[in-house]
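Notes follow once the structure below has been shown.
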Amino acid sequence: MNTKGISKKFFERGDFTRAFDAASQGLSNEPEDSSLLQVFASAARELGRYDEAISASLALLRQFPSEPSIKRVLMLLVAEASITDKTREVIAVLISAGEPSYQRWLDAGAALKNGHFFLSAHRCAEQASKLQPAKAGGWALAAATHQAAGSIERALSACEEGLKANSASHFLTYCRAQLLRQKGDFTQATGAYLQAQRAGVSTADLPINLAESFLESGRPLNALEALIEATEKEVENLDAHRFLATLHVELDLEGDPLAYLQRACRKKPESLSLHYQYAELLVRQQRFDEMLEFADAASKRAWFTDPGFSTLKARALSGLGQVDRATKLFEALRDQQGSVPVGLLDYAQHALRHQMPELVEELTSEQLQFEPTNQLAWCFRGTGWQLMADERAEWLFDYDLMPIKISLSPPNGYGNLGDFLRELTTEIERHHHVKTAPINQSVRFGTQSKGFLFAHNSELLTACKAMITEGVFDAFSRPKRDAKHPFWSRFATPFRRDSFLWAGAWSVRLSDQGHHAHHIHDRGWISSAMHVSLPDFNQDSNPKAGQLCFGQPMAELNLPLKPRKWCVPEPGTLLLFPSYMWHGTEPFRAPGFRTTIAFDLLPASTPRELKG
């Protein structure tokens with residue numbers, strides 16, 4: 001397959017980093033190729049690399065100067081990007097020419113909003129709404145501007161004003177639902193999503209948002225029904241299928257959690273995306289024999305040679321201990337793709353599992369050339385160094401300093417930390433509506449909350465978030481300096497309370513025998529464990545019951561590496577460590593629950609992270 005085909009395949013699968021790299025490689029040989037430019041621009045936009053996306057789109061515009069869709073894409077890029085010299089150039093070309101119109105006010109306002117010029121953006125929204133009050137665009141821009149400025153209430157008011165002018169606006173109805181959910185009013189958000197659905201809104205993400213809103217408001221069976229309906233109406237809605245399978249497991253329901261997805265594959269036998277999703281979930285559930293049977297049955301399909309599908313087959317072979325067959329397939333994939341990384345980290349995991357550290361070093365080094373901050377690559381590389389007794393492992397994991405332990409102070413308005421934690425424990429209980437742990441997560445004998453924990457409209461959770469922010473700032477106000485280190489090099493100078501973003505936050509409740517399997521957080525930078533409440537551990541049979549363990553790889557790798565550090569949990573303490581560091585907990589025997597909050601942080605300066 002040529003570079004054009006490879007880049008397009010990656011983009012269609014949502015692997016934007018590899019799509020970008022493949023298109024970039026192709027453009028080095030064919031710099032004017034319109035197909036490569038289009039993939040490059042689209043992938044760069046998804047990765048938050050807006051200047052590169054704009055440059056590629058301008059190159060397309062030079063080739064097709066009368067094509068309105070390219071101008072529209074450029075304007076969307078300007079709306080998403082920060083104000084830079086490149087975006088100013090596009091604004092000058094596409095906005096300032098001609099008399100002000102409804103669309104020009106919208107375009108200018110969107111660009112100004114994204115440059116954080118909120119007052120000017122709001123004035124543009126007002127002008128657009130005056131010209132066309134019955135159109136949704138001006139009201140939606142006003143709502144988005146207020147939202148970006150941090151005022152959800154004003155954003156909701158703008159949506160409601162727009163709905164007064166045009167009560168039939170599906171777009172504003174859906175915007176209102178999204179804002180209500182962001183506000184943490186999940187009951188009202190659920191009603192608004194249902195209203196949008198009845199009004200005819202049919203976006204692929206509506207059933208997902210509706211199901212999540214049902215779940216967040218304590219109605220898991222309604223969430224399940226919404227997802228089943230979505231997969232029946234839109235057979236190829238992959239997000240709905242994935243969510244449905246996960247929820248089926250978490251609600252501890254009878255039957256195969258992949259039954260609906262399997263049925264969808266039968267309905268759409270030529271759909272690569274459905275078959276890939278089914279195969280990927282089989283591998284995630286470690287149903288390797290079923291995956292290979294499925295692969296054999298699908299081998300006559302035209303899409304069977306897709307690199308992603310072949311990678312899943314290699315992972316299944318590796319999981320079954322068929323080392324030679326898996327290695328041969330991984331090597332064939334690597335040769336086939338040349339310098340574009342395909343399944344390198346899957347191959348690296350296979351190499352770790354079968355103790356081939358030199359190969360791990362080779363594979364992870366190649367991956368890090370394309371993604372220098374890839375947490376899984378650093379974890380595997382460091383684990384390979386440990387197997388080789390390479391001193392760089394100590395430099396990377398820094399066990400002398402990590403994890404950092406912080407004793408939290410009570411939030412403003414709470415004189416006693418113990419009282420606050422007791423109230424917080426009760427609040428957290430309200431957000432656990434399922435019965436078992438999610439698919440492919442570290443939780444064993446426990447449950448995990450859904451969504452971003454601090455999105456809930458709760459004074460206790462808001463106070464907790466502020467308390468944690470202070471703890472993170474205290475821990476890293478004077479970070480270690482090492483320009484080559486994948487963790488320490490990412491700290492802003494100076495490090496402030498706004499130097500990081502929340503990539504995710506959730507709570508976990510572990511019951512008797514509960515523990516976390518050893519794992520890492522591949523989408524973070526700084527990861528954490530905050531202890532809210534603990535049962536009385538029975539340590540008669542295991543003195544380390546309930547303790548946190550750092551440095552032991554996940555059990556599936558079966559490596560001869562022992563824990564490097566143990567930490568005794570205490571309510572009101574916060575542990576902070578690199579996201580690429582192996583960590584888990586020892587099982588405990590006790591009635592009651594161990595309640596924790598975990599979160600991942602990212603540097604505030606990363607465009608893609610800002611978008612996320």
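The values are calculated or read from the model by the stated rules, or taken from the named source; none is laboratory data. Keep in mind the model is a prediction, meaning the values are calculated, not measured. Cβ coordinates were reconstructed from backbone atoms using ideal geometry, including for glycine residues, and neighbour counts include every protein chain displayed. When the accessible area is computed, the model is the full protein with side chains, heavy atoms only, and any ligands, DNA or RNA have been set aside. Shrake-Rupley method; radii C 1.70, N 1.55, O 1.52, S 1.80 Å.
Applying the selection to the range 225-237, what residues are of a type outside the set (Lys, Arg) and either farther than 25 Å from VAL283 by Cα or surrounded by fewer than 20 Cβ atoms within 10 Å (Cβ to Cβ) (or both)? Talk me through it step by step, then tell me what you get.
Step one: filter the range 225-237 for residues of a type outside the set (Lys, Arg), giving 225-232, 234-237.
Once the filter is applied, which keeps residues that are of a type outside the set (Lys, Arg) and either farther than 25 Å from VAL283 by Cα or surrounded by fewer than 20 Cβ atoms within 10 Å (Cβ to Cβ) (or both), the range 225-237 yields GLU225, ALA226, ILE228, GLU229, GLU232, GLU234, VAL235, GLU236.
Is it the case, given these coordinates, that LEU180 is in contact (Cβ under 8 Å) with a residue 24 or more places away in the chain and more than 25 Å from the chain's Cα centre (by Cα)? When the stated conditions are applied, LEU180 does not pass them.
Here is the figure for the range 154-177: residues that are without any contact (Cβ under 8 Å) to a residue 12 or more places away in the chain and either of a type in the set (D, E, K, R) or not in a helix (DSSP H, G or I) (or both) total 3.
Looking at the structure I just gave you, is GLY382 touching a helix residue (DSSP H, G or I) at 6+ places or on another chain (Cβ under 7 Å) and at pLDDT 95 or above? Break it down into steps so the answer makes sense when it comes.
On the way: touching a helix residue (DSSP H, G or I) at 6+ places or on another chain (Cβ under 7 Å): yes; at pLDDT 95 or above: yes.
Answer is yes for this residue.
For SER273, the criteria (1) without any contact (Cβ under 8 Å) to a residue 60 or more places away in the chain; (2) polar (S, T, N, Q); (3) under 29 Å from GLY26 (Cα atoms) hold in every case but one, which is (1). Taking the numbered list (1) surrounded by 20 or more Cβ atoms within 10 Å (Cβ to Cβ); (2) modelled with pLDDT of 85 or more in turn, ALA483 passes all entries but (1).
When the range 399-419 is filtered for residues that are over 17 Å from SER528 (Cβ atoms) and either modelled with pLDDT of 95 or more or open to solvent by 80 Å² or more (accessible area, probe 1.4 Å) (or both), the ones remaining, listed by number, are ASP400, ASN412, GLY413, GLY415. Within the range 562-583, if we keep just the residues that are open to solvent by 30 Å² or more (accessible area, probe 1.4 Å) and touching a helix residue (DSSP H, G or I) at 6+ places or on another chain (Cβ under 9 Å), the residue that is farthest from GLY514 (Cα to Cα) turns out to be ARG564. Taken over the range 1-46, the residue count meeting the criterion of being out of contact with any Gly (no Cβ under 9 Å at 6 or more places or on another chain), open to solvent by 30 Å² or more (accessible area, probe 1.4 Å) and either in a loop (DSSP other than H, G, I, E, B) or of a type in the set (Asp, Glu) (or both) is 6.
Set side by side, the residues ALA230, ALA204, ALA189, ALA165 differ, and just one is within 27 Å of SER458 (Cβ to Cβ), out of contact with any strand residue (DSSP E or B) (no Cβ under 6 Å at 6 or more places or on another chain) and of a type in the set (Gly, Ala, Ser), which is ALA189. Close Cβ contacts (under 7 Å, 6 or more residues apart or on different chains) running from residues in the range 114-142 that are outside any helix (DSSP H, G or I) to residues that are at pLDDT below 80 comprise GLY115/SER82; GLY115/ILE83. Of all residues in the range 107-127, none satisfies being open to solvent by less than 30 Å² (accessible area, probe 1.4 Å) and under 26 Å from GLN197 (Cα atoms). Of the residues making up the range 278-300, those that are charged (D, E, K, R), open to solvent by 50 Å² or more (accessible area, probe 1.4 Å) and closer than 17 Å to GLU556 by Cβ are ARG284, ASP289.
From the list PHE380, PHE330, the lone residue that is buried (at least 23 other Cβ atoms within 10 Å of the Cβ), within 28 Å of the chain's Cα centre (by Cα) and over 22 Å from MET581 (Cβ atoms) is PHE330. Which of the residues belonging to the range 181-191 are at pLDDT below 90 and part of a helix (DSSP H, G or I)? Correct list: ARG181, GLN182, LYS183, PHE186, THR187.
One line per residue, one yes/no per condition, for (1) at pLDDT 90 or above; (2) aromatic (Phe, Trp, Tyr); (3) farther than 17 Å from LYS450 by Cβ:
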{"site": "TYR193", "(1), (2), (3)": "yes, yes, no"}
{"site": "ARG198", "(1), (2), (3)": "no, no, yes"}
{"site": "ASP205", "(1), (2), (3)": "no, no, no"}
{"site": "GLU212", "(1), (2), (3)": "no, no, no"}
{"site": "LEU251", "(1), (2), (3)": "no, no, no"}
{"site": "GLY255", "(1), (2), (3)": "yes, no, yes"}
